[in-house]
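A short worksheet on the structure shown next.
The values are calculated or read from the model by the stated rules, or taken from the named source; none is laboratory data. All of these numbers come straight from a predicted model, not from anything done at the bench. All Cβ positions, even for glycine, are placed from backbone atoms using ideal geometry, and neighbour counts span all protein chains on display. Surface accessibility is based on the protein's heavy atoms, side chains included, excluding ligands, DNA and RNA. Shrake-Rupley method; radii C 1.70, N 1.55, O 1.52, S 1.80 Å.
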Amino acid sequence: MSLRDLLIRVARTYEPDGMATSELPGHALLWAVEDRTDLPWPTGCFAIGYGGQGKASLTPWIGVFDRTINGNPHDGLYVAYIFDYPRTTVTLTLQQGVTKLSKTYGKGGKLHRYLTAQAKTLRGALRPELAEQWRDSMDLLVGPQHWRPRSYEKSNVAARRYRVEDLPTDEALASDLEEAVQLLRDAAAVDRFWLQAPKGDDPVFEYPDREHGEDPMSGFRAKSSESYYVDVQGGRQERTKEHEALLLRFAQHAVACGYIPITEGMHPRDVVLRHPRSPHREWLVEGKTVQPGKEYRAVREAVGQLYEYRYFYYEKKERQAPHLVALFTHDIGDYADYLATLGIVAMWEHPGGWGGSQQAIDLRLAD
């Protein structure tokens with residue numbers, strides 16, 4: 001069976017209503033995908049078909065995975081052919097896994113904001129000559145109550161949409177799939193290493209007032225995976241891969257919580273947050289990596305830099321004082337209470353998401 005034949009047969013025979021069972025021909029086709037050896041999966045890739053567990057999926061799909069990147073549709077990046085509900089179109093899409101994220105962000109707007117921000121971050125780093133050709137819309141034609149298909153739409157990084165009645169040739173489909181896997185590999189590299197290096201001519205002080213449009217990550221740029229240095233009043237400080245990865249994850253989390261993260265024009269400050277409900281007051285964020293047993297050192301550095309930046313970038317310029325947020329890679333224990341006495345919100349990562357002091361919870365930034 002060719003790939004073109006497979007897609008057509010799934011579209012014609014799949015039954016989206018009722019229960020998922022191998023007794024139905026469309027479901028049987030999907031479940032057999034993993035064992036087929038006659039389909040044109042790119043080198044190093046394998047595929048699985050999905051029609052639901054228990055109840056049938058409204059939008060069946062065939063996922064294509066690069067073994068060196070990811071093999072789990074619940075988490076991470078992969079490529080998929082996703083059918084819309086009436087199965088009149090099928091979209092070849094670069095996807096983010098949504099199941100694991102839903103445990104942290106729920107199944108509604110917060111999850112959608114996170115996925116949208118992450119998709120735009122990854123899309124901006126794809127090779128332009130390919131990405132420009134993969135900008136098709138993705139509409140699965142389901143109602144808002146169906147959280148999973150709606151999340152697929154939001155998690156789309158790059159897409160090419162086909163009408164089932166007018167599918168291209170097998171050769172063209174195979175070529176498109178090769179391109180999609182190349183985009184997957186580009187996105188995975190960015191996801192791991194944050195390859196957007198800081199520019200040497202970034203402005204150091206004020207940023208121009210401007211509207212940020214619909215993209216809440218438009219003012220945020222992930223920095224290099226390599227160590228680099230910034231000049232601050234107290235001397236030179238090193239920024240590491242772990243530090244920059246922390247900032248990017250926090251920026252995406254902040255977007256999911258309704259905030260707008262900004263780095264452009266903020267150097268040497270780490271991140272500045274804005275919120276639509278408080279447009280004239282900012283949240284000044286300083287991130288620190290925490291070495292086991294040396295929480296005190298990270299806390300001292302965060303306090304010093306937050307106070308310093310508040311003075312030079314706000315008080316001295318007669319601007320409204322910002323909220324102060326100290327961000328850490330690990331729980332800092334009793335130091336969170338200490339920071340609260342200084343008017344500093346404490347936040348840190350934990351395996352299930354983001355923790356923080358009571359102020360962070362009140363700001364809806366921590367669980």
Practice item. Using only Cα atoms, find the angle between the long axis of helix 109-123 and the longest principal axis of the chain, and express it within 0 to 90 degrees, rounded to the nearest 10. Key: 90 degrees
Review point. What whole-number value in Å² describes the accessible area per residue of the chain for a 1.4 Å probe?
Key: 47 Å²
Exercise for review: Select from the range 268-339 those trypsin sites (Lys or Arg not before Pro) which occupy a DSSP coil region and have at most 15 other Cβ atoms within 10 Å, ordered by residue number.
Suggested key: Arg277, Lys294, Lys316, Lys317, Arg319
Review point. If you take the charge dipole of the chain about its Cα centre, with +1 on Lys and Arg Cβ and -1 on Asp and Glu Cβ, which of Leu126, Leu6, Val303 is farthest toward its positive end?
Key: Val303
Review point. Looking at the range 9-106, which trypsin sites (Lys or Arg not before Pro) are in a loop (DSSP not H, G, I, E or B) and have at most 10 other Cβ atoms within 10 Å?
Key: Arg67
Exercise for review: Kindly provide the helix-only [θ] at 222 nm of the chain, computed as the sum of -39,500 (n - 2.57) over DSSP H runs of four or more divided by all residues, to the nearest 500 deg cm²/dmol?
Suggested key: -10000 deg cm²/dmol
Check your understanding: Hull surface divided by four, with the convex hull built on the Cα atoms of the chain: how many nm²?
Key -> 19.8 nm²
Exercise for review: Sort Asp270, Asp362 from largest to smallest accessible area, using a 1.4 Å probe on the heavy atoms of the protein chains.
Suggested key: Asp362, Asp270
Exercise for review: Please give the solvent-accessible surface of Trp134 in Å², to the nearest 10, using a probe radius of 1.4 Å with every protein chain present.
Suggested key: 10 Å²
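How much of the accessible area of the chain, in percent, comes from carbon and sulfur atoms when a 1.4 Å probe is used?
Whole-percent figure for carbon plus sulfur exposure: 48.
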Exercise for review: Treating only the Cβ atoms of Lys and Arg (+1) and Asp and Glu (-1) as charged, compute the dipole magnitude of the chain about its Cα centre; round to the nearest 20 debye.
Suggested key: 680 debye
Review point. With every protein chain kept in the model, how would you rank Met138, Met19 by accessible area, 1.4 Å probe, largest at the top?
Key: Met19, Met138
Check your understanding: Using +1 on the beta carbon of Lys and Arg, -1 on that of Asp and Glu, and nothing else charged, what's the dipole of the range 51-203 about the Cα centre, debye to 20?
Key -> 980 debye
Exercise for review: Could you sort out which of Lys120/Lys316; Lys120/Lys288; Lys110/Lys294; Lys120/Lys317; Lys107/Lys294; Lys154/Lys288 sit more than 27 Å apart by Cα distance in this structure?
Suggested key: Lys120/Lys316; Lys110/Lys294; Lys120/Lys317; Lys107/Lys294; Lys154/Lys288
**Study point:** Loop GluC sites (Glu not before Pro), the range 288-333, which have at most 16 other Cβ atoms in a 10 Å radius of their Cβ (DSSP)
**Key:** Glu318
Exercise for review: Rank these by accessible area, largest first, 1.4 Å probe: Tyr85, Tyr105.
Suggested key: Tyr85, Tyr105
Practice item. Report, in debye and to the nearest 20, how large the dipole of the range 1-128 comes out about its Cα centre when Lys and Arg carry +1 and Asp and Glu carry -1 on their Cβ. Key: 680 debye
